[in-house]
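Everything on this sheet refers to the single structure shown next.
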Amino acid sequence: MSFANSPAATFERSDSFVSYASPAIVSPDVFERTGRAAATRGEIAVELDLRHSGRRSLTLRYETQGDRSLPALFVAGGISAHRHLAPSREFGEQGWWQSQVGHGRSLDPSQYYLVSFDWIGADGTLDVALDPADQADAIAALLDALRIERLQAFIGYSYGAMVGLQFASRHASRLGELVSISGTHRAHPYAAAWRALQRRAVALGALQCDESQGLALARELAVLSYRTPEEFAERFGNAEVRDGRVRVAAEDYLDHCGNKYVARTPTTAFLRLSESIDLQQIDPSTIQVPVTVVAVSEDRLIPLSESYDLIERLRGETRLRVLRSIYGHDACLKEESDINTILREALADCTQVAA
């Protein structure tokens, strides 16, 4: 996908919205005002050729932090993550990765121009098969609109790491380095089976005319796949009898996770993005940019053997960091100090190469 100049292109302009009648490069003054703010949000209408679903009209919802003159980083999380990374002066609500984003942290908006977006399909209105490659192409379209020719680094966690690998393969000239945390080049059959059962839970809920309960159960199953038996052994005690039935100690926690997820996630978004993970398939030998792979030995969704296979098949400069954590796949969100160290090292190396 390319955003070449098109004489037929037309734009609607506001402080944070650009609408494309056809793919085109945005003139520099479109983001003049918003690009200098500490944080900005916007929407961009584009048309993309989706790998399994043909040409579609899409709306990309993005957020930036920092001055646009700084080195640009794209930051992406799991399928539940979104464009809001951390609180800012303009948008004070809690973000999904504020442990790493903020003044004095590894991803400091005073040092980097941070870009993120909502996954295509995240609003639940796009009920088609989505591939991680589609997300990578959407990111390239967003960078065109923001007039970012090249990222210093793409930092991806979980699904974001998978999309990062796709971006590194499909848009290599626009990337200095990839940091891939708890993600891999292909969907492992064991992890895919977990996700298939989650989607069946949603289907069963729909048959019972209670789709939200099905989605809550799917999320609870997902949480079990993210975490480890060791963590549950530390956190929860024995089962007990309540009102004549046995209640397992972890059920209250899982119910909380399920209900919280249902409150913010459209069912269609969950189903299509869950499927998208299972469509991940990329040849690592097509990636020649420097890659830091971060693996967690207790991660049941991304077995350590998969990370070793990825490292062996990448063609650029590679580095592997292996963490031990009772939080398993969620270690990126919980092991703040270790992740901070890894990010600082990776970005320092990238800065030295760029210099």
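Annotations
- Area of H82 that stays accessible when all protein chains are in place (1.4 Å probe, Å², to 10): 70 Å²
- Listed residue (V223, G95, T318) projecting farthest to the positive dipole end of the chain, Cβ model: T318
- By accessible area with a 1.4 Å probe, ligands and nucleic acids excluded, highest first: order of E177, E90: E90, E177
- Computed over protein heavy atoms with a 1.4 angstrom probe, the accessible surface ordering of D299, D49, largest first, is D49, D299.
- The range 35-100: C-alpha gyration tensor shape, a/c 1.5 cut-off, then a/b vs b/c: prolate
- Protein accessible area in the range 200-240, 1.4 Å probe - carbon and sulfur %: 51 percent
- Net charge in the neighbourhood of A161 (other residues with Cβ under 12 Å of its Cβ; Lys, Arg +1, Asp, Glu -1) is -2.
- With DNA, RNA and ligands ignored, accessible area of S106 (1.4 Å probe; Å², nearest 10): 10 Å²
- Charged-residue dipole, Cβ positions (Lys, Arg, Asp, Glu), the range 269-354 about Cα centre, Debye nearest 20: 100 debye
- Given the choices (i) 71, 45, 40; (ii) 65, 49, 41; (iii) 73, 49, 42, Cα extents along the principal axes in Å derived from the coordinates of this structure is entry (i).
- Only Lys, Arg, Asp and Glu carry charge here, each on its Cβ (+1 for the first two, -1 for the last two); on that basis the range 69-191 has a dipole of about 360 debye about its Cα centre.
- Radius 13 Å from Cβ of R219, net charge of other residues (Lys, Arg +1; Asp, Glu -1): +2
- Where the range 123-260 is the region considered: accessible area per residue in Å², 1.4 Å probe: 42 Å²
- Only one residue of Q213, C257, W119 has its Cα farthest out toward the positive end of the dipole of the chain, where Lys and Arg carry +1 and Asp and Glu -1 on Cβ, and that residue is W119.
- Around the Cα centre of the chain, unit charges on the Cβ atoms of Lys, Arg, Asp and Glu (plus for the first two, minus for the last two) sum to a dipole of about 220 debye.
- Accessible area (Å², 1.4 Å probe, nearest 10) - V202: 0 Å²
The values are calculated or read from the model by the stated rules, or taken from the named source; none is laboratory data. Here the structure is a predicted model, which means the values were calculated and not measured. Positions of Cβ are generated from backbone atoms using ideal geometry, with glycine treated the same way; all protein chains shown enter the neighbour counts. The protein model used for the area step is the full one, side chains on, heavy atoms only, and it has no ligands, DNA or RNA in it. Shrake-Rupley method; radii C 1.70, N 1.55, O 1.52, S 1.80 Å.
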